[in-house]
1. Please work out if Lys50 is farther than 20 Å from Leu257 by Cα and within 14 Å of the chain's Cα centre (by Cα).
2. Quick one: which of Phe278, Phe286 is away from the ligand (no atom under 16 Å from the Cβ), open to solvent by less than 30 Å² (accessible area, probe 1.4 Å), of a type outside the set (D, E, K, R) and outside any helix (DSSP H, G or I)?
3. Would you list the strands (runs of 3 or more DSSP E) that sit entirely within the range 15-110 and hold 2 or more residues that are in contact (Cβ under 8 Å) with a residue 24 or more places away in the chain and in contact with an Asp or Glu (Cβ under 8 Å, 6 or more places away or on another chain)?
4. In the range 1-43, which residues are basic (Lys, Arg) and open to solvent by less than 50 Å² (accessible area, probe 1.4 Å)?
5. Picking from Met126, Met112, Met134, which residue would you name as being modelled with pLDDT under 95 and buried (at least 17 other Cβ atoms within 10 Å of the Cβ)?
6. Among what's in the range 233-264 and is of a type in the set (Asp, Glu) and part of a loop (DSSP other than H, G, I, E, B), pick the residue that is surrounded by the fewest Cβ atoms within 10 Å (Cβ to Cβ).
7. Considering each residue of the range 174-212, count those that are more than 13 Å from the ligand (Cβ to nearest atom), farther than 22 Å from Trp30 by Cβ and under 18 Å from the mean Cα position of the chain (by Cα), and give that number.
8. Which of the residues that make up the range 251-265 are within 14 Å of the ligand (Cβ to nearest atom) and of a type outside the set (D, E, K, R)?
Amino acid sequence: MNFSSLPIVLPSPLQHLSSPSFSKNGVNIWVKRDDLIHPDISGNKWRKLKYNLLRAIDEGAKTIITFGGAFSNHLVATASICHELNMRSVGLVRGEIDEKNPTIQFCRSKGMSLLAIPRGQYRDKMSCDNTLQMISAFSHPFVIPEGGTNDDALKGVGEIWEELEKQLDEIDYIFVASGTGGTAAGLLKYCTTAVKVISIPVLKGNFMYDAIMRWNHPEKRDQLICMEGYHFGGYAKSDAVLEQFMDEFQKESSVPLDYVYTGKAMYALMDLIDKNYFPKGVKIVFLHTGGLQGNKGKAYLDEKKK
Ligand SMILES: Cc1ncc(COP(=O)(O)O)c(C=O)c1O
């Protein structure tokens, strides 16, 4: 199977942030626009799903089953790519399914079957009887873990380096937002230079460094930096400071950000530049991991709260 018929933009563009406010303190920044790969299969989702789906097809799978929260970018991308490939998709959703939620509506519009997993069972979903029964009800299922992180995902992420090598010489730092850490793990695993991978965890806790190193050889440990402290209160939490930053950033760069992942990571990058963290003259690539559909989810929740 090849994906050549998919409307996918590759290599994703590399955009230089040329305005003086981005080049202060002597740094040079480019944004690797993986958000432009496809409107719905964007960012790290294409990278993580590609080899999973090739494996599924190779193994004769008929149904792709995966997991996610009610506003999951991963469910959206899986629903969309399965629709394009004419494959059946099933999303096992954490908690109740709200039919007015735009993410749920999108997944349904792409033909994804959605089943709710009670919150109490979600943590142990891969071993719990209820989930195993749900999965076994489908013929030839292929299960992709939540967030899509596995060896196949890391391999897909690694392809970013092949593109970057042709787009820019010698990068000093690559910046990425981290949830499970899979994207950062793939960048670290497949880099062949001394580039430093800076991961910005978007949730509380200091587990990210170990989560990323679990996928990597110990000799890579000095190339990984996890910057805690930019989670803005935790997963999917935001505040007026972050939202104002995102608005201003978009106006100046024309790069849209999402408030769950890329907004926090870009805020971290700008903050570190302000604090003179980077030596003069360095080249930094910010990996735009997509996720813009999440902003619709936030607008929906904000409206619901009124
Ligand atoms: C838009 C976006 N960026 C970044 C991430 C974090 O990726 P990872 O879980 O590989 O750390 C995710 C999570 O899936 C995401 O949806």
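The values are calculated or read from the model by the stated rules, or taken from the named source; none is laboratory data. This one's a predicted model, so the numbers in the text were calculated from it and none came from an experiment. Here the Cβ is made from the backbone with ideal geometry for all residues, glycine too, and neighbour counts use every protein chain on show. Calculation scope for accessible area: heavy atoms of the full protein, side chains included, ligands and nucleic acids excluded. Shrake-Rupley method; radii C 1.70, N 1.55, O 1.52, S 1.80 Å.
1. For Lys50, the condition - farther than 20 Å from Leu257 by Cα and within 14 Å of the chain's Cα centre (by Cα) - is met.
2. Every option except Phe278 fails the conditions.
3. 63-68
4. Lys32, Arg33
5. So the residue among Met126, Met112, Met134 that is modelled with pLDDT under 95 and buried (at least 17 other Cβ atoms within 10 Å of the Cβ) is Met134.
6. Asp239
7. Residues flagged as more than 13 Å from the ligand (Cβ to nearest atom), farther than 22 Å from Trp30 by Cβ and under 18 Å from the mean Cα position of the chain (by Cα) within the range 174-212 amount to 1.
8. Residues satisfying the conditions are Val255, Pro256, Leu257, Tyr259, Val260, Tyr261, Thr262, Gly263, Ala265.
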